[in-house]
Amino acid sequence: MRPERSPPGAVHDLVLVGLGETHRHLLSHLRGPGETFGVTVVAPHDGRYGGATAAMLAGAVSPHRLRWSPPSATHVITSRAIGCQPTHGRLWLADGRMMRYHRLSLNTGTRRLPAWAAHERPGCPRVWSGHSTMQLIALRAALDAGTRTSIVIAGGSRSALEIAGGVAAAAGCCRVASVTLLWPGRDYSRTTRAALRRLAWVGVDVIPGAIASGLAACCIQCRDGRRFRADHVICAGPAEPDSLVLAMNLPIYGPGLRVDRRLASPRAASVQITGAAASLDGRRVLPGWDGARQARVVLSALRGPTRGRGVTHYASPWRPVAPDLGPGAGVVSGTFRLRAWDRWRHRQGIDPALAVAGDRDPDATRR
């Protein structure tokens with residue numbers, strides 16, 4: 001697909017900034033019959049990788065199957081948005097161009113690396129972003145071609161759990177000496193507690209209350225002074241908006257840009273904000289894994305009352321989706337009955353996770 005150049009002064013019906021999960025679902029719905037939107041995508045690339053992170057790291061899924069590109073008829077501008085003026089419908093790009101639009105949607109994804117890991121130094125571990133599937137694909141290739149290594153995952157997100165499960169499953173076929181998960185805080189939800197327990201079964205060293213703060217020679221250091229040996233560090237902390245999004249001329253609410261229940265900016269109803277760029281309650285940003293529901297709200301606002309009511313208001317999910325920890329640890333049980341069944345299977349020694357844990361722990365046998 002070749003990006004096209006828009007004529008000077010052209011007004012775009014709908015401009016999608018970023019290729020996050022919400023825009024992926026939105027573009028799949030806008031291809032239906034009867035849609036009259038002229039869609040323009042502004043992104044630093046013309047496609048993205050996503051989904052099945054743990055299975056890809058474990059080698060069960062080829063990276064090429066995770067590739068996704070916008071429809072061939074979509075107008076793609078390869079650049080970054082650095083500012084907007086909602087009153088006059090103007091959007092400025094990093095290459096100096098200015099675009100005019102009728103409707104604007106921001107879904108730029110989460111921040112790739114924290115400040116302490118943004119700059120690598122000689123002798124320090126190699127840093128990878130757990131929020132970039134392309135970097136995780138490169139990490140898998142480096143593990144296949146490298147020597148025996150130690151991997152530390154710094155984060156407290158769903159992505160960190162899935163990455164830890166995928167790397168642990170790949171330890172048998174790759175030269176991985178140890179896998180350590182630094183988990184900040186000790187207040188866990190039921191799903192998180194079950195996932196951490198499952199990761200410990202498959203050989204991941206889970207370190208609660210460890211907050212990564214910097215890099216040193218061949219190790220990563222925490223705020224409390226502890227250091228952990230690492231050849232590779234994967235940063236997969238909680239979702240944060242990109243710094244360019246916060247520079248937009250839009251009101252900020254807590255960690256992200258402020259939105260109402262229609263996922264629209266209170267200053268400009270023509271601007272929809274989703275994913276890690278948006279904050280509904282001022283305490284946290286919207287989860288990226290709930291992009292399908294957010295896309296339905298945005299689509300309802302775009303179509304208006306003439307195309308049916310649809311989902312007009314967004315509500316934060318009361319229970320997160322169970323994380324998929326890969327072929328070794330499996331999907332974490334999400335309900336009380338399934339968690340009880342999960343614990344019973346582990347006690348009986350018939351849990352699928354023991355297929356991996358049994359190679360490292362000789363005591364992991366049937367009782």
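The numbers here are math on the coordinates, done by the rules we state, and not lab data. Owing to the predicted nature of the structure, the values given are computational and were not obtained by experimental measurement. As a convention, Cβ positions derive from the backbone with ideal geometry for all residues, glycine included, and neighbour counts pool all protein chains shown.
Along its first, second and third principal axes, ordered by size, region 125-199 spans 38, 23, 18 Å in Cα coordinates. Among 106-114, 45-53, the peptide with the highest mean count of other Cβ atoms within 10 Å heads the list, and the full ranking is 106-114, 45-53. With N as its number of residues, region 90-171 has a Cα radius of gyration that, divided by 2.2 N^0.38 Å, comes to 1.49. Sorting 243-253, 199-209 by average packing, meaning the other beta carbons within 10 Å per residue, from highest down gives 199-209, 243-253.
Dividing the C-alpha radius of gyration of region 166-253 by 2.2 N^0.38 Å, with N its residue count, gives 1.34. Based on the Stokes-Einstein relation at 25 °C and a viscosity of 0.890 mPa s, and on the Kirkwood radius from alpha carbon pairs, region 253-295 is assigned a translational diffusion coefficient of 244 µm²/s.
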